[in-house]
């Protein structure tokens, strides 16, 4: 799909809303992307300061628009409300001069696709986010998940409408306030800031806003195949994810991907008393725990033959980045009450660069991992089915296991020395005032 759509670069971007707002402003500001001279850096710093001044002067306006967007329910089980979200976002983008299309296939919410063409621009930046949200258990919320409220660091509600400025440690409480409507609002506010400065863009900007990411984006490949030119860009920013424990900006150059499988092991055909039949009737819980134990050890090493064969060694640039990573392991161990994490002493950052096999699923590439896992299970003496087995199958095989596979995403890693990616990193550093100190 990437070849058909001519996507050349991709990496994962994890930053908070306020930081994202500043980062994207500088990323789409031409001279920050190509700044080499001191004067260019100084100019970028001037624009950065002006953008911050704009944000400070328009905080209530920005927050008000964000609250309106968050007030629209966005659960996958409510297609009409997802349509409302798409229409509202499309209108907000169109109001900022973006050409917008709603890309549709039957049975799926629309993908909001926007293209901001800039005369004379030779590069295109793509921004991906999603407007759907996780399911809601209302009883676990102190306030309505679709009635956004602002709270201070102590958790007290703030009457934000009576104020014009807000403490940076206050938080908006609403479904999708972080994941993932924040980057949508941040990007639109960034365009407003640059327009107020009469600062022209020198790159085209594309928007791809998904409406079913939280349920696997199962229709997205079909939509992209129907519109192959939508992904043509020099680089794509995927704006999704939590604030890292270090509270520092992080740029992720890849994702491990995800493949899930539900494993069902069978014992007797009906319930029975363990005192009468225990130690004679096969115990499916025992069978399953031993099967899982055969797949990985207690230190996160995967025992399935060939599982690590496709893992690419770290490039020198990746090794340097790992060495300079802002580690938060000790603080996390204290927070999670962990005495000895898995990984034989490796840091969290190191472990995230390796394939993982967890009880809740399998994260790695799809078809090859499926074959490896099923071969391993067969070697443990199990007969594999993918639908509920009938009595004949269960009578014919001593160990029957049902596997239900779900492919949730392909693993991908962008080279850290990729020129377009490094330009984005420099732009973010410029936005945070870090570039001059690093050089």
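The values are calculated or read from the model by the stated rules, or taken from the named source; none is laboratory data. Please read these numbers as outputs of a predicted model, since none were measured by experiment. Positions of Cβ are generated from backbone atoms using ideal geometry, with glycine treated the same way; all protein chains shown enter the neighbour counts.
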Subset tally (residues that are at pLDDT below 95 and in a loop (DSSP other than H, G, I, E, B)) for region 118-135: 8
Of 209, 197, 201, 220, which residue is buried (at least 19 other Cβ atoms within 10 Å of the Cβ) and over 15 Å from residue 100 (Cα atoms)? 220
Failed condition for residue 27, given (1) in contact with a helix residue (DSSP H, G or I) (Cβ under 8 Å, 6 or more places away or on another chain); (2) under 29 Å from residue 119 (Cβ atoms); (3) surrounded by 20 or more Cβ atoms within 10 Å (Cβ to Cβ); (4) at pLDDT 95 or above, with all others met? (4)
Going residue by residue through region 385-400, is there one that turns out to be closer than 26 Å to residue 301 by Cβ and either at pLDDT 80 or above or not in a loop (DSSP other than H, G, I, E, B) (or both)? yes
Kindly provide the set of residues from region 186-236 that are in contact with a helix residue (DSSP H, G or I) (Cβ under 7 Å, 6 or more places away or on another chain) and assigned to a loop (DSSP other than H, G, I, E, B), ordered by number. 197, 199, 201, 202, 203, 211, 232, 234
Could you pull out the residue among 285, 235 that is over 13 Å from the mean Cα position of the chain (by Cα) and surrounded by 17 or more Cβ atoms within 10 Å (Cβ to Cβ)? 235
Tell me, which residue of region 71-96 that is in a loop (DSSP other than H, G, I, E, B) and in contact (Cβ under 8 Å) with a residue 24 or more places away in the chain is farthest from residue 205 (Cα to Cα)? 77
Has region 367-376 got at least one residue that is at pLDDT 90 or above, buried (at least 18 other Cβ atoms within 10 Å of the Cβ) and not in a helix (DSSP H, G or I)? no
Taking region 106-115 and the residues there that are in contact with a strand residue (DSSP E or B) (Cβ under 9 Å, 6 or more places away or on another chain) and part of a loop (DSSP other than H, G, I, E, B), the one that is nearest to residue 205 (Cα to Cα) would be 110
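Let's see how each residue does on (1) surrounded by 13 or more Cβ atoms within 10 Å (Cβ to Cβ); (2) more than 30 Å from residue 390 (Cα to Cα); (3) without any contact (Cβ under 8 Å) to a residue 60 or more places away in the chain:
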{"site": "270", "(1), (2), (3)": "no, no, yes"}
{"site": "302", "(1), (2), (3)": "yes, yes, yes"}
{"site": "305", "(1), (2), (3)": "no, yes, no"}
{"site": "319", "(1), (2), (3)": "no, yes, yes"}
Across region 395-425, what is the total count of residues that are more than 28 Å from residue 354 (Cα to Cα), surrounded by fewer than 17 Cβ atoms within 10 Å (Cβ to Cβ) and in contact with a strand residue (DSSP E or B) (Cβ under 6 Å, 6 or more places away or on another chain)? 1
